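The values are calculated or read from the model by the stated rules, or taken from the named source; none is laboratory data. Note that this is a predicted model, so its numbers are computed, not measured. When we count neighbours, we look across all protein chains shown, and the Cβ atoms used for this are built from the backbone with ideal geometry, even at glycine. Areas reflect the complete protein model, heavy atoms only, side chains present, ligands, DNA and RNA absent. Shrake-Rupley method; radii C 1.70, N 1.55, O 1.52, S 1.80 Å.
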Amino acid sequence: NAKSAGKARFSFFTDDMLKDYQRRVDIANAIEYALEHNEFSVHYQAKVTPDGVPVGAEALVRWRSEQLGFVSPAEFIPIAEQSGKITEITQWVINRVCLDVRDAIPRVKRAIPVSINLSASDLKKYHLVGFIKGAFIKYGIPPGLVEFEVTEHSYLDNLDMANRFFAEISAMGCEVALDDFGTGYSSLSYLTKIPIDVIKIDKQFVDNIGASERDDALVLTIVEMGRRLGMELCAEGVETAEQLKFLSDNGCRIIQGYLFSKPLPLPEFLEYLQQVEQKLSNEA
Ligand code: C2E
Ligand code: MG
Ligand code: MG
Ligand code: MG
């Protein structure tokens, strides 16, 4: 009838929007609980040379909530950013990674650096630099064994602040990678003015390898640009042998993706490293 039609026309929220809002509120509340009850964990995903030699690992946070079950970081990280909880999560991850690196060093032949993802709001917390320094000292971590990743978007959100933050991080001997490169829709001129060591080519470009000549040309151009700027290139989300061949033939020297390894809990990641070491020493 006219009354309910009128009502529907003037309501701002659809059922889907309300559900979505409720889910976000539930997640924001559950994050508080998770920090108090130690519900987070970290998985490690290898970064390898094109022939499969591990040269690094990325720490990726995982969350199994008592109330909500498994929640993906793609869903809860943006909510943690908005609710002001992200830096507490970041600090938790930094501590966890430092503990894991300390425990892993005696168990591997060759230690590899582990990278930690930072969010835009982390870069505005200047005390975080001191927290990182403190964690390295507390756990006896050589700074070169921990690195940081920040998305192009987060970096450009506040360029001056980010430059100050990462100048300090670089001075500590930690490499910095620009994550999800190519998705920030920005002018390229900032690339000459930031202390970045590695460009991570976003998965969407990797997915399109082989789709068209232009798609291939784009990846080639990013690799070449990075090389000329003196930056290392890392391709993310590599899933097929075809993608691997194209990337390695064209000078991308670091590969990350399910083709080599998924993110794994620490014990399984160490097993993976030991298996690769075994395989390499058999070949030698
Ligand atoms: P990211 O930093 O770009 O991480 C790469 C994501 O791609 C990870 O998803 C990883 O599991 C996934 N991935 C890697 N290789 C492949 C592949 O071959 N195929 C496919 N389909 N996926 C692949 P994940 O772990 O769900 O993380 C999603 C995003 O959440 C991350 O994107 C990062 O932006 C954020 N994130 C994860 N952990 C943290 C953290 O500790 N702190 C912060 N601030 N953000 C985090
Ligand atoms: Mg990352
Ligand atoms: Mg990425
Ligand atoms: Mg990505």
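Quick one: residue 74 ticks every box in (1) over 23 Å from residue 199 (Cβ atoms); (2) open to solvent by 50 Å² or more (accessible area, probe 1.4 Å); (3) at pLDDT 95 or above bar one, so which box is it?
(1)
Within region 184-218, can you find the residues that are over 26 Å from residue 120 (Cβ atoms) and either within 16 Å of ligand 4 (Cβ to nearest atom) or polar (S, T, N, Q) (or both)?
Kept after step one, since they are over 26 Å from residue 120 (Cβ atoms), are these residues of region 184-218: 208-217.
Result: 208, 209, 212.
How about region 99-205: which strands (runs of 3 or more DSSP E) wholly inside it have at least 1 residues that are among the aromatic types (Phe, Trp, Tyr) and either within 25 Å of residue 256 (Cα to Cα) or modelled with pLDDT of 95 or more (or both)?
It comes to 146-151, 176-181.
Output the residue which, of all residues in region 206-217 that are assigned to a helix (DSSP H, G or I) and away from ligand 2 (no atom under 16 Å from the Cβ), is nearest to residue 59 (Cα to Cα).
Looking at the filtered set, the residue picked out is 207.
Residue 240 is checked against (1) farther than 14 Å from residue 198 by Cβ; (2) β-branched (Val, Ile, Thr); (3) within 18 Å of the chain's Cα centre (by Cα) and fails just one. What number does that condition carry?
(3)
Test residue 220 against the stated conditions and say whether it is in a helix (DSSP H, G or I), under 21 Å from the mean Cα position of the chain (by Cα) and either of a type in the set (Val, Ile, Thr) or surrounded by 13 or more Cβ atoms within 10 Å (Cβ to Cβ) (or both).
Details: in a helix (DSSP H, G or I): yes; under 21 Å from the mean Cα position of the chain (by Cα): no; either of a type in the set (Val, Ile, Thr) or surrounded by 13 or more Cβ atoms within 10 Å (Cβ to Cβ) (or both): yes.
Spelling it out, it is not the case that residue 220 is in a helix (DSSP H, G or I), under 21 Å from the mean Cα position of the chain (by Cα) and either of a type in the set (Val, Ile, Thr) or surrounded by 13 or more Cβ atoms within 10 Å (Cβ to Cβ) (or both).
How many residues does region 238-257 hold that are assigned to a loop (DSSP other than H, G, I, E, B) and touching a strand residue (DSSP E or B) at 6+ places or on another chain (Cβ under 9 Å)?
6
Table: residues versus (1) without any contact (Cβ under 8 Å) to a residue 24 or more places away in the chain; (2) surrounded by fewer than 18 Cβ atoms within 10 Å (Cβ to Cβ).
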site	(1), (2)
78	yes, yes
84	no, yes
88	no, yes
91	no, no
95	no, yes
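Tell me the residue from 191, 156, 128, 145 that is open to solvent by less than 30 Å² (accessible area, probe 1.4 Å), within 16 Å of ligand 1 (Cβ to nearest atom) and either of a type outside the set (Phe, Trp, Tyr) or in contact with a Ser or Thr (Cβ under 9 Å, 6 or more places away or on another chain) (or both), please.
None of the other options fit; the residue is 128.
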